[in-house]
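What follows is a short report on a single structure.
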Amino acid sequence: MYVVLTRTARGATALRFDDSRARLGGADAIATAELPAWVERLEREHPRWVWDDTTRWYPHLLAAGVRVGRCVDLRLCHAILRTSALTAESALARAPRGPWDAATPLLERPETHGVLFELDDDPVIDAPIDPVAEFVLQGEAIADSEQPGRIGLLLAAESAGALIACEMKFAGLPWKNDVHERLLADLLGPRPVGVERPARLQKLLDDMRLAVGSTEINPDSPADLLKALRRAGLDVASTRSWELKQLSHPVIAPLLEYKKLSRLLTANGWNWLDTWVADGRFRPDYVPGGAATGRWGANGGGALQLPKQVRGAVVADPGWKLVVADAAQLEPRILTALSGDRRMAEAGRGDLYEGIVASGAVKSRADAKVAMLGAMYGATAGEGGRLMPALTRAFPDAIAMVEAAARAGERGESVTTQLGRSSPLPGEDWRELQESAAADGTEALRRAARGQARSWGRFTRNFIVQGTAAEWALCWMAGLRGRLWELSGGSFVERPHLVFFLHDEVIVHAPAALADSVVEQLRDAAAEAGRLIFGAMPVQFPITTAVVDDYGQAK
DNA sequence: GGGTCTTGCGCG
DNA sequence: AAAGCGCGCAAGACCC
């Protein structure tokens with residue numbers, strides 16, 4: 001059963017539909033204050049809650065102690081259906097762009113006429129949000145698609161991700177201020193008052209001044225720093241760390257140290273702690289579908305860039321554990337399954353990179369890794385480019401798959417993941433350059449067009465792998481979420497629950513006594529995700545797990 | 001005084 | 001050894 005919720009001035013109306021999306025009965029009107037209890041009651045029938053945007057409904061429910069099992073996030077599903085090659089002929093995909101194509105849908109509003117807002121410079125005519133009509137339209141798009149099962153699984157996984165994103169923010173990532181502060185004090189010195197540099201940074205700056213024999217050096221300004229380094233006789237094109245590492249000069253060591261610590265201070269220092277951690281929890285906004293590939297984004301505090309340096313401050317509550325798990329070599333395994341490359345599947349029975357070495361394609365594990373990254377990212381030069389021919393000979397099917405995706409992108413076509421998420425098309429500027437270069441191109445113009453085409457090809461090449469990996473991760477998490485809920489009783493935060501997700505890695509916060517069960521569920525969910533997406537294809541998705549007290553202990 | 005671009009670096 | 005994908009963020013540079 002589906003229950004479609006529509007917001008009204010006083011609360012919501014609910015309409016029920018059966019599993020084939022046929023309408024059941026009349027509408028219920030529920031006042032705002034009654035909504036959590038009403039949802040909780042109906043939840044016993046395990047419906048799929050259909051709403052415009054999970055972030056508009058679910059936080060209130062969670063705050064009221066109500067957790068739901070399943071939902072359809074119409075906004076996220078619309079975004080997928082709008083561009084998917086599997087539903088390109090649907091009425092939804094052919095309709096002009098409207099409020100559902102905005103980054104966040106509009107609330108119901110009095111009907112107005114005329115241009116309401118712009119979407120990528122296209123004016124959009126106002127239309128009231130109608131979740132029921134959108135639900136019907138989406139149902140038709142799915143039913144009429146060539147492969148309803150594929151796209152249906154993707155939409156279910158995406159919607160489950162929307163629930164998880166809200167739940168992770170609600171639960172928060174356990175964070176110990178005192179541990180973090182001790183770490184900062186050890187590395188930087190005491191917290192400075194006002195605008196002065198922390199003692200350790202000031203000392204390094206003094207060392208740098210001594211090394212170049214001048215006080216005219218400001219490491220916080222790349223432009224100034226570059227000038228100062230050149231004045232000191234250093235031949236550098238930029239102030240990037242990897243370039244500075246090549247040089248030997250007394251200024252380099254303190255400068256690199258300064259950069260490292262300065263980064264810690266500005267990105268995850270005392271200000272960060274004051275701004276983003278409250279009540280012992282870090283609560284960023286997770287953004288499902290934030291990247292074109294379907295990967296999540298995050299806002300607030302750089303949640304997806306937590307440096308290894310500070311992970312020790314992520315500490316389980318007393319009596320609880322953190323179960324940290326990541327999918328080993330996920331993207332190359334995804335490529336294996338996508339392409340059906342039997343030899344690569346064989347190589348991936350254990351450590352994939354060792355397997356590639358054993359196949360004779362490359363000499364070392366490090367080479368295998370660089371070669372695989374090169375294949376998935378489109379390396380042309382350097383180590384990756386050099387290793388490509390050997391990799392192509394050993395695994396022709398897998399390489400042919402990414403090469404085909406690259407060629408499609410170079411032609412300006414879209415590519416599609418295993419479950420049906422399609423890449424965006426290049427913009428107007430891209431096409432104009434391609435056309436003008438083809439028509440009356442000077443040599444320089446043709447070169448620019450070729451470079452641009454190759455660049456888009458690298459994007460589509462990577463898209464099918466990164467996007468399908470994101471689908472695997474969503475299915476893994478969605479399955480895990482249900483399994484965790486079944487492990488014990490109690491409220492949401494009393495049971496084992498997800499507190500962090502980073503592309504191919506999750507953290508579960510769990511009562512210590514249940515940690516081993518969580519590990520088991522993580523493995524089962526991973527195996528299930530592979531079966532769901534790839535069926536019988538014999539590709540393994542091993543995960544590594546660690547049961548720890550703090551995140552710094554994992555890996 | 002604001003807004004946007006650039007640089008550099010953190011994560012996968 | 002330093003190119004080849006996807007992101008977010010902070011600070012300075014640069015503009016009006």
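Values in this text are rule-based calculations from the coordinates and carry no lab data. Given the structure is predicted, the values throughout are model-derived calculations rather than measurements. Using ideal geometry, Cβ is built from the backbone for each residue, glycine included, and neighbour counts are taken over all protein chains shown.
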Task: Dipole magnitude (debye, nearest 20) for segment A:178-273, charges at Cβ of Lys, Arg, Asp, Glu - done: 160 debye
Task: FRET efficiency, residue A:147 to residue A:29 (Cβ-Cβ, R0 35 Å, nearest 0.05) - done: 0.35
Task: residue A:234-residue A:60 pseudo-label distance in nm [points 7 Å out on the Cα-to-Cβ vector] - done: 5.7 nm
Open item on the list: Please compute the modelled spin-label separation between residue A:195 and residue A:242, points set 7 Å along Cα→Cβ, answer in nm with one decimal.
Closed with: 3.5 nm
Task: Using alpha-carbon coordinates, inclination of helix A:396-410 to the longest axis of chain A, degrees - done: 80 degrees
Task: Helix axis angle, A:54-63 relative to chain A longest principal axis, alpha carbon, degrees - done: 90 degrees
Open item on the list: Binning at 10 angstrom from zero up to the longest distance, how are the C-alpha pair distances of segment A:178-273 distributed in percent?
Closed with: 16, 48, 27, 9, 0
- [ ] For a quick protection proxy, order the peptides A:366-377, A:381-392, A:525-536 by their average other-Cβ count within 10 Å, most packed first.
- [x] A:366-377, A:525-536, A:381-392
Task: Top positive-direction residue, dipole computed over chain A with Cβ charges, set A:399, A:276, A:364 - done: A:364
Open item on the list: Residues of segment A:380-396 with the amide nitrogen closer than 18 Å to a label point 7 Å from the Cα of residue A:349, along Cα-to-Cβ, please.
Closed with: A:395
TODO: Take every Cα pair under 8 Å in chain A that's 6+ residues apart, average their separations, divide by the length, and report that relative contact order as a whole percent.
DONE: 15 percent
Open item on the list: If I take the Cα coordinates of segment A:416-492 and project them onto the principal axes, what are the three extents in Å, biggest first?
Closed with: 70, 18, 17
Open item on the list: Explain nothing, just compute: Karplus ³J(HN,Hα) = 6.51 cos²θ - 1.76 cosθ + 1.60, θ = phi - 60°, for every residue of segment A:139-147 in order, whole Hz, x for Gly and Pro.
Closed with: x, 5, 4, 5, 4, 8, 6, 4, 9
Open item on the list: Return the equivalent ellipsoid semi-axes of segment A:35-92 as a descending list in whole Å, where each equals the square root of 5 times an eigenvalue of the C-alpha gyration tensor.
Closed with: 28, 12, 7
TODO: Note down the magnitude of the dipole of chain A about its Cα centre, charges +1 on Lys and Arg C-beta and -1 on Asp and Glu C-beta and zero elsewhere, to the nearest 20 debye.
DONE: 1460 debye
TODO: Could you give the spread of the C-alpha atoms of segment A:331-465 along their three principal axes, from largest to smallest, in whole angstroms?
DONE: 51, 33, 18
Task: Interchain or long-range residues, amide H under 5 Å from residue A:321's placed H - done: A:510, A:512
Open item on the list: On alpha carbon coordinates alone, what is the Rg over Rh value for chain A, Rh being the Kirkwood radius?
Closed with: 0.99
Task: Cα-based helix-to-principal-axis angle, A:199-212 vs chain A, degrees rounded to 10 - done: 40 degrees
